[in-house]
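Written out below as structure tokens is the structure these notes cover.
The values are calculated or read from the model by the stated rules, or taken from the named source; none is laboratory data. Nothing here was measured: the structure is a model prediction, and the numbers come from that model. Neighbour counts run over all protein chains shown; Cβ positions are idealised from the backbone, glycine included.
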Amino acid sequence: MVACWGRHWDVLALGHDAATNPGLRVRREMVFALLLVAVLVSVSTALVGAVAFLGLLVVSLARLVDASETHPRLLPIAPLISAIALVGGQLVPERATPLSVVVDLLGGLLFFVLLLKGWSR
């Protein structure tokens, strides 16, 4: 899926006019991407539970690991980081600190750092 749609999403990231010029059906691609994200988020929330900042944390860490900003490279990295975070969190005993507390704390801190970084621009 990443190999097939990753380039389309890179073109969509350039904006509506730039995506229309090479003949991309912008509305169709955006609806497909939103539906795909909705399904993936629904399934992951049903399986894992509501870990509020995991998505923010994973995407931001994926961009820190690989600063290329291209979807075919970022999309495989993000699930790997997510799996490492979830499996690593399960290895820590639940009595010490629940996984959701750790992820929410780290996600909140990262969100705050990103807000300050964006504010300074």
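Tabulated values for the structure
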{"item": "Wholly within segment 1-65, helices (runs of 4 or more DSSP H) carrying at least 2 residues that are closer than 30 Å to Leu99 by Cα, hydrophobic (A, V, I, L, M, F, W, C) and at pLDDT below 80", "result": "26-48, 54-65"}
{"item": "Of residues in segment 66-109 being modelled with pLDDT of 75 or more and among the hydroxyl-bearing types (Ser, Thr, Tyr), the one surrounded by the most Cβ atoms within 10 Å (Cβ to Cβ)", "result": "Ser82"}
{"item": "Contacts under 7 angstrom Cβ, first residue in segment 77-106 being not assigned by TED's automatic domain parsing to the domain that holds Leu54 and part of a loop (DSSP other than H, G, I, E, B), partner exposed (fewer than 11 other Cβ atoms within 10 Å of the Cβ) and of a type outside the set (Gly, Ala, Ser), 6 or more apart", "result": "none"}
{"item": "Residues satisfying the stated conditions in segment 66-76, i.e. on the phi < 0 side of the Ramachandran plot and assigned to a loop (DSSP other than H, G, I, E, B)", "result": "Asp66, Ala67, Ser68, Thr70"}
